[in-house]
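Q: Supplied in structure tokens, the structure appears directly below.
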Amino acid sequence: MFDASPVPSPPCGKIALRPRALQQSAEFARALAACGQVPVMLPQLQDMLVLRRRLPGGLPLAMVNRAAIPDPGALRAALQDHGLGRTPLILSPETPAPGLSRLGAVPLVTPAHAALWDLTGDPGQRRAALHQKWRNRLNHGETQGLRLTRQNLPHDPRHWLFAADAKQQTARGYRSWPIHLTLAYARENKGRAKLFQAFEGKDPVAAILILTHGSAATYHIAHTTARGKRLSAHPLLLWEAAGWLAAKGICRLDLGLINTGRAAGLARFKLGTGAKAHRLGGTWGLWPPLGRLLQPLALLDRRLMGG
């Protein structure tokens, strides 16, 4: 079941561009287009991806998620060039962008953090960077005789991982991508949706779906059964997946958002890999026609948004 097909990626050397978040990748754009949601690409800003939605009543809305915004003025000009100069915007920058307040953008949500795992070192360096408890669980998993597999994601909306994830979303109160978008990503980006599974005999006890994009990858869906937890299947599977990604030239694995308050255990698991907590830029609202009027309000919360 192991496939030997390589994942073509840009080099990880110092001259490589900083890896982009999944939400700003060409791969994500292709998946959206296949689902009938063609995004706007801003070539002036290195093909920044802008999503468009319609609110109840037909009001248009544009969204920019996980993009670097070093020059808010250039963003405003690019949006105007693409007919979005008067469209309400939701902006969630990849890094703090306090300069958005000068456009009149209003802070809506303070910055969260994402766990980013650097995969550029050798396996020994990555193992040495593991937190001790994480390493202990990995050592335990390696002695349990689990069978690990890797394959391209099957085009099967009834796959057990999707069903398990749906139950998990309901239980924990969060929402992930719709299944059809995940399947479109796999279909439109051949070899870039990798399913890693751990089996005890014939029974699956853990699975991780990782999406690769450019020189980076994103931890997309994961589930471990009660038996899998007792066998330390999840850390073993993630460790093996990270090693495979690194061997294929992937520089960084985005483990997703962390919340040390409401989901402290999951945050410890992600950071236990040696991943670093990366501060995002929060969420801002901007309606360009009202920018100047809202600017004083925006400046009040600038410190909370990284200013």
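Q: Is it the case, given these coordinates, that ILE221 is touching a strand residue (DSSP E or B) at 6+ places or on another chain (Cβ under 7 Å) and buried (at least 17 other Cβ atoms within 10 Å of the Cβ)?
A: The answer is yes for ILE221.
Q: Do the conditions hold for ALA277, that is, is it at pLDDT 95 or above, of a type in the set (Gly, Ala, Ser), under 19 Å from ALA21 (Cβ atoms) and not in a helix (DSSP H, G or I)?
A: Yes: the conditions hold for ALA277.
Q: Give me the pairs: first residue in region 110-129 and β-branched (Val, Ile, Thr), second residue surrounded by 12 or more Cβ atoms within 10 Å (Cβ to Cβ), beta-carbon distance under 6 Å, and six or more apart or on different chains, which are they?
A: THR110/GLY282; THR110/LEU304; THR120/CYS12; THR120/CYS251
Q: The conditions are (1) touching a helix residue (DSSP H, G or I) at 6+ places or on another chain (Cβ under 9 Å); (2) at pLDDT 95 or above; (3) surrounded by 13 or more Cβ atoms within 10 Å (Cβ to Cβ), and PRO43 fails exactly one of them. Which is it?
A: Tallying (1) touching a helix residue (DSSP H, G or I) at 6+ places or on another chain (Cβ under 9 Å); (2) at pLDDT 95 or above; (3) surrounded by 13 or more Cβ atoms within 10 Å (Cβ to Cβ), PRO43 fails exactly one: (3).
Q: Taking ALA115, is it assigned to a loop (DSSP other than H, G, I, E, B) and within 23 Å of the chain's Cα centre (by Cα)?
A: For ALA115, the condition - assigned to a loop (DSSP other than H, G, I, E, B) and within 23 Å of the chain's Cα centre (by Cα) - is not met.
The values are calculated or read from the model by the stated rules, or taken from the named source; none is laboratory data. Everything numeric in this text was worked out from a predicted model, so none of it was measured. Cβ sites come from the backbone with ideal geometry, for glycine too, and all protein chains shown count toward neighbours.
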